[in-house]
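Here the structure comes first, spelled out in C-alpha cells, and everything after it is commentary.
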Amino acid sequence: TNKFPWLTIIVVLPIFAGSLIFFLPHKGNRVIRWYTICICMLELLLTTYAFCYHFQLDDPLIQLVEDYKWIHFFDFRWKLGIDGLSIGPVLLTGFITTLATLAAWPVTRDSRLFHFLMLAMYSGQIGSFSSRDLLLFFIMWELELIPVYLLLSMWGGKKRLYSATKFILYTAGGSIFLLMGVLGVGLYGSNEPTFNFETSVNQSYPVALEIIFYIGFFIAFAVKSPILPLHTWLPDTHGE
C-alpha cells in the first residue's frame, strides 16, 4: 500500500477545488475561468509528477495502491490503484479536460456551475480509471455521467433537451445493468459480501451465472463505448 495518498489527492482535488468556486468573490467570469484552468493544469502536472517519479514502468503489478476502510457494511473500501493500462487514459483525461476548459472560455451563463461540473466530471473520470473496488467504480462511473447530463441539458445547442434526455435514458439503462453485475459479483460465493476487485477476479462462478454477469457488464460498457446498435445517443450528444 502506498504511504502517500497520491491517487486520493488526484481523484478528490478537482471536485473539492470545484466546490470552492461558489465561494469565489463576484468579480466577473474571468476569475472563475482562470481558476478552473489553473486547477486543471495543476491536476495534470501533479498526475504527471506522481507517475514519473513514483510509478515503475517495469513492474506489471498494480501500483500506488491505497486501501482505506470506508463503510463496514458490504466491506466497502476506498481502494485505488494504477497499472500500465490505466496511465494513458488518466493522462489523456487531464489533457482533454484542460483543452475543453480552454475551449469553454466563451461560456458566461451560470459560469460557476458550469466550471464546477467540468471539475466534478474530471474527478469522476479519474476515479473510474483508478478504482480497485467494484462499488467505488460504479459510484465514480455515475459521478462522471451526472455532470455530462447537466452540461448537455443546460449549455447544449438547440436540441439540447432532446439529446440530454436520450443520453440519460441510454446511460441510466446501462448503469442498471452495471449495478446488477457489480452486486451479483460482490454478493455471490463468499461468506461476507466483498467488492474487492482482486477477490472477485479469483472467485469461481457457475457458467450460467458467468454468462449473466457477462451480459450485464457487456450491455453497460457497450452503451458507454458505444457499440452498435447502442450507439445512437452519441451523435446527438456530441453534436450538441
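Computed from the coordinates by the stated procedures, all read-outs in this text should not be read as laboratory data. Quantities reported herein were computed from a predicted structural model and do not represent experimental measurements. Positions of Cβ are generated from backbone atoms using ideal geometry, with glycine treated the same way; all protein chains shown enter the neighbour counts.
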| task | Neighbouring Cβ atoms within 10 Å as the yardstick, rank 140, 41 fewest first. | result | 41, 140
| message | Under 24 Å between alpha carbons: how many lysine pairs meet that in the chain, if sequence neighbours fewer than 8 apart on the same chain are excluded? | response | 8
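Can you list the equivalent-ellipsoid semi-axes of the chain, largest first and in whole Å, using the square root of 5 times each Cα gyration tensor eigenvalue?
Sorted largest first and rounded, they come to 31, 24, 15 Å.
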| request: Report, in deg cm²/dmol and to the nearest 500, the calculated mean residue ellipticity at 222 nm for the chain, where each DSSP H run with n ≥ 4 adds -39500 (n - 2.57) and the sum is divided by the residue count. | output: -22500 deg cm²/dmol
| query | How far, in degrees from 0 to 90, does helix 29-54 lean away from the longest principal axis of the Cα atoms of the chain, to the nearest 10? | reply | 40 degrees
| note | If 204, 111, 131 are placed from fewest to most neighbouring beta carbons inside 10 Å, the sequence is 204, 111, 131
| request: Taking trypsin sites (Lys or Arg not before Pro) as candidate sites, keep only those in a DSSP loop with at most 11 other Cβ atoms within 10 Å, then name the longest stretch of the chain containing none of them. | output: 159-240
| task | Take the chain, connect every pair of alpha-carbon atoms lying under 10 Å apart with a spring to form a Gaussian network, then pick out the residue of 176, 126, 71 with the largest mean-square fluctuation. | result | 71
| task | Mind checking which of 214, 164, 184 is farthest towards the positive end of region 156-240's charge dipole, using Cβ charges of +1 (Lys, Arg) and -1 (Asp, Glu) about the Cα centre? | result | 164
| task | With a cut-off of at most 16 other beta carbons within 10 Å, and DSSP calling the residue loop, which chymotrypsin sites (Phe, Trp or Tyr not before Pro) in region 27-120 qualify? Please list them. | result | 55
| query | To the nearest 20 debye, what is the magnitude of the charge dipole of region 1-148 about its Cα centre, counting +1 on the Cβ of each Lys and Arg and -1 on the Cβ of each Asp and Glu? | reply | 660 debye
